[in-house]
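The values are calculated or read from the model by the stated rules, or taken from the named source; none is laboratory data. Computed from a predicted model, the values in this text were never measured in an experiment. With ideal geometry, Cβ positions are generated from the backbone for all residues, glycine too; neighbour counts draw on all protein chains shown. Please note that ligands, DNA and RNA were not included when accessible areas were found on the heavy atoms of the full protein model with its side chains. Shrake-Rupley method; radii C 1.70, N 1.55, O 1.52, S 1.80 Å.
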Amino acid sequence: MKKQKTVIISAAITGAIHTPSLSPYLPFTPEQIATQAIDAAKAGAAVIHIHARREDGMPVGDFDTFRQILSAIKNEVDAVIGITTGGAQGMTTEERFSVIEEFQPEMASANGGSMNFCFHRLQQAMGPTPKYSWEVPFVARTYDNVFKNTFKDIEYCITTMNKCGTLPEYEVFDYGQLANLQYFQKEGVITQPIYIQFVPGVMGGYPISNEGMMFMIDQAKKMLGNDIQYSTVSAGRRMFRNATMMALQGGNVRVGMEDSLYIKPNGELAVSNAQQVLKMKQILEDLDFEIATPADAREMLSLKGGDKVNF
């Protein structure tokens, strides 16, 4: 009997979009982020995607905060730990990618191009008295924000990761960004296997739809090769539906409170990342998929191993 594809579950623990006022369950201190990451790994996530936040939940990119979170996770579980290169508002490209050189993780996000990246409407859900004063200005200013990833930036990102043995997780927010990756593949800048994290649903990028996702997968294979691997971010209340569709199309899946604060589309909030992982794992098992272990994920993605990171 032919074995079903093994599917990697990634958990994106906190991100840099949602704020503490949006859910009482969002992990927003370094300790909470580490604890929920550990629990998500124990629940079945082979890959953990990490952003850093300070004690009041403000997203940051400083080494001390990252090291506190990364070391705590690594001491408890063997999951693959990937880190963001999105950084914090106002950082230069070199500052954003300094975390790669500092920590040399197995994986890290690599953005496919510049875009308008807007989530100003979240302030409507914060209520009249947000928990912290930074929240409303942080969200509101994205109405006039461009997430800068020029060709020079992207080349710097990829070459830095190549040097550190870190697999780029190419975050693709729009169709044209596939052409950007194709350019760097043809130029020989991309030297590692290609792993795409599609990111539909951001205001400024391409919308979420089954038809749109099928188009993106088809075009990615035609432009970058049939041997690419891929997954999708599924923002919002229908995260599990979209993630399941990705698995059915030969991809991997991602859940987590960076992407969605919900456990059901009726508005019921998830109480933890682990709860979301367990639901996703159950769906995949009911569809007869094998769930990847951290060792499986390292083999599937040709990763260097958790013993070769710098944290």
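Data overview
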read-out	value
Rounded if a/c under 1.5, otherwise prolate or oblate - region 228-311, Cα gyration tensor axes	prolate
Highest-first arrangement of 5-13, 123-131, 157-165, 282-290, where packing means the average Cβ count within 10 Å	5-13, 157-165, 282-290, 123-131
Computed label-point distance, nm, for sites E211 and V146 using a 7 Å Cα→Cβ extension	3.1 nm
Estimated FRET transfer efficiency when R0 is 22 angstrom, pair N162-F63 (beta carbons, to 0.05)	0.55
Among Y143, P168, P128 the positive-end extreme of the charge dipole of region 116-177 (Cβ point charges)	P128
Near-label residues of region 245-274 by backbone N, under 17 Å of a point 7 Å along Cα→Cβ of N226	249-251
Contact order normalised by residue count of the chain, Cα under 8 Å, 6+ apart, percent	25 percent
Förster radius 25 Å - calculated FRET efficiency between N116 and V271 (Cβ-Cβ, nearest 0.05)	0.15
Residue-normalised accessible area of the chain, given per residue in Å² at a 1.4 Å probe	43 Å²
Förster radius 35 Å - calculated FRET efficiency between E76 and M126, Cβ distance, rounded to 0.05	0.60
Tensor-based shape of region 1-85 (alpha-carbon gyration tensor, a/c under 1.5 rounded, otherwise prolate or oblate)	prolate
Anisotropy class of the chain from Cα gyration tensor, a/c 1.5 cut	rounded
Carbon + sulfur, % of accessible area of the chain - ligands and nucleic acids excluded, 1.4 Å	50 percent
Antiparallel DSSP beta bridges within the chain, as percent of all bridges there, nearest 5	20 percent
